[in-house]
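So the structure is just underneath, and the comments pick up after that.
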Amino acid sequence: MGNAEFLIEALTGQLRELLTRRGITDPALVGIHTGGVWIAERLRQRLGITTPLGQMDIAFYRDDFSRIGVHPQVRPSELPFDVDNRHIVLVDDVLYTGRTIRAALNELFDYGRPASVLLAVLVDRGGREVPIEANAVGTRLQLPASDQIELIGPDHLQLRIQTVP
Amino acid sequence: MSDYHIQLDRQDRLVHFLTVEGLTHRHLTEILDTAESLRGVAERRIKKLPTLHGKTVVNLFFEASTRTRTTFELAAKRLSADVLNLNIATSSAVKGESLLDTLRNIEAMQCDMFVVRHEQSGAAEFIARHVKPHIAVLNAGDGRHAHPTQAMLDVFTIRRHKPDFPNLSVAIVGDILHSRVARSLIHALNILGAGEIRVIAPRTLLPAQVETLGVHPCHDPRQGLRDVDVVVMLRLQRERMEGALLPSEAEFFQRYGLTEERLALAKPDAIVMHPAPINRGVEIDSRVADGPQSVILEQVTNGIAVRMAIMSITLGHHARSTEENA
């Protein structure tokens, strides 16, 4: 179990620098349920972004419906701003196969046509199965496929790494 | 064990949706919560989710109903499924083809879901027992028996306005005897722990021993409507008049019709519901139907999200069962 708050500091710094470099002054943040929403809210506060936070549950966009069906605790997606011509920052806790981000991009584009999309993740654990990379990363970890990494929250965010038998 | 255990798989998951009877609080809550997530889709620019992309849904209607069929069709299309509408009432049944032959023929077209409406009670269950194992069956109304998706959209609408079910008082008014809507709604409200359910109707339109369903019967709307949170008006089927169960539409309206005066007996923030289409001036006054307490059109909107939820849940569970047994 490791404290994740200092990783958020690192991620905030990277994202701030990236937005400055690109001349993006008013981005809209979209967190992917559940961990991504917790991180996105912290980033929004630290970066002083006034646009309300967007939240997405990508359950209906997953590519494994024909194997596992719909997650029983799916939450509503909510983007309380106009996506058209907006610079969007997608935020998730762990980047692994990249399939969640693929689904999130599809969902995002069903709301409108953003000016650009950036991806910020707390942890990049490698293991990509689709060609997707993050623009800002809190930390990179090399983990065997048998390890599961999970963000515990919503207060005092902590990362838990477990070996699944 | 319930006769309808066929709608659950060995892990107790919903794989068909034939009746609310025998289901648990958890089953119904899963449908309601999923529908809540799907409700926002209609407000997006692209009103479509890819969830059932590549699946084929067949609307198998042995009894005509444009309205119900349309909401199932729209629900399936918003989930990216392909939809086939078959109005059997006007085709093969007339030619003397048996139900099983009809079924085998449609199955051969590689379908994934049947939405069934039939004038015979138990028809959807019969079909669920005879279809290939990968096909999910939804009951869109069978005889006097059940109309479970209507009940779910009703409780979904109630929950959005009045989430405190233990303290909820609901009055259902009209032809309880012949109403599959009333039967399914009563089961759903009881499973979700609604505080009190009253059924208000003339004696001729109440089933014998209606109390055993967990409701309080009442013949006088002046008593029955007092302090309720929700008033559900049922559609009066005109053909019942001919069966001598009712004197006349005018007399029914006079004794049971929902007027502003009668609605004033309910709580000031009570909501008015109706499965539609309404008979203006028969069971409900236009001023009430179009008034501020009416949520009748909201029910129609919610019906799409609820049917999307039931479709994605049942087909998702089929997929899961197949995967586990593979």
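Observations, loosely collected:
- The mean count of C-beta atoms from other chains within 10 Å of the C-beta of residues in A:111-117, rounded to a whole number, is 1.
- Full extension of the chain between A:GLU133 and A:SER146 gives 2.5 nm of extra length, using 0.36 nm per residue less the Cα-Cα distance.
- Using a Gaussian network model of chain A in which every pair of alpha carbons under 10 angstrom is joined by a spring, one finds that among A:PRO27, A:PRO131, A:PRO114 the greatest mean-square fluctuation is at A:PRO131.
- Mean sequence separation of contacting Cα pairs (under 8 Å, at least six apart), scaled by the length of chain B, corresponds to a relative contact order of 19 percent.
- In this label model, A:ARG113 and B:ARG238 are separated by 5.1 nm, measuring between points 7 Å along each Cα→Cβ vector.
- For the range B:148-300: relative contact order, % (alpha-carbon pairs under 8 angstrom, 6 or more apart): 23
- Note on B:PHE165 and B:GLU260: the extension gain reaches 31.7 nm, defined as 0.36 nm multiplied by sequence separation minus the Cα-Cα distance.
- Relative contact order, whole percent, for the range B:139-201 stands at 42, derived from Cα pairs under 8 Å and 6 or more residues apart.
- Rounded to the nearest 20 debye, dipole of the range B:49-131 from Cβ charges on Lys, Arg, Asp, Glu: 240
- Among the listed pairs B:LYS47/B:LYS162; B:LYS48/B:LYS132; B:LYS55/B:LYS77; B:LYS77/B:LYS132, those beyond 18 Å (Cα-Cα): B:LYS47/B:LYS162; B:LYS48/B:LYS132; B:LYS77/B:LYS132
- Taking the number of Cβ atoms within 10 Å of each Cβ as an exposure proxy, the fewest-first ranking of B:THR322, A:THR25 is A:THR25, B:THR322.
- Take each residue of peptide A:59-65, count the partner chain Cβ atoms within 10 Å of its Cβ, and average: the result is 5.
- Ranked by the mean number of other Cβ atoms within 10 Å of their residues, highest first, the peptides B:5-11, B:195-201, B:78-84 come out as B:195-201, B:78-84, B:5-11.
- Compactness of the protein assembly as shown, taken as the C-alpha radius of gyration over 2.2 N^0.38 Å, stands at 1.11.
- Per-residue ³J(HN,Hα) for the range B:36-43, Karplus 6.51 cos²θ - 1.76 cosθ + 1.60, θ = phi - 60°, Hz, x for Gly and Pro: 4, 5, 8, 5, x, 4, 5, 8
- The protein assembly as shown - charge dipole about Cα centre, Lys and Arg +1 at Cβ, Asp and Glu -1, debye rounded to 20: 600
Coordinate-derived values only; no laboratory data. Computed from a predicted structure; not experimentally measured. Cβ: placed from backbone, ideal geometry, glycine included. Neighbour counts: every protein chain shown.
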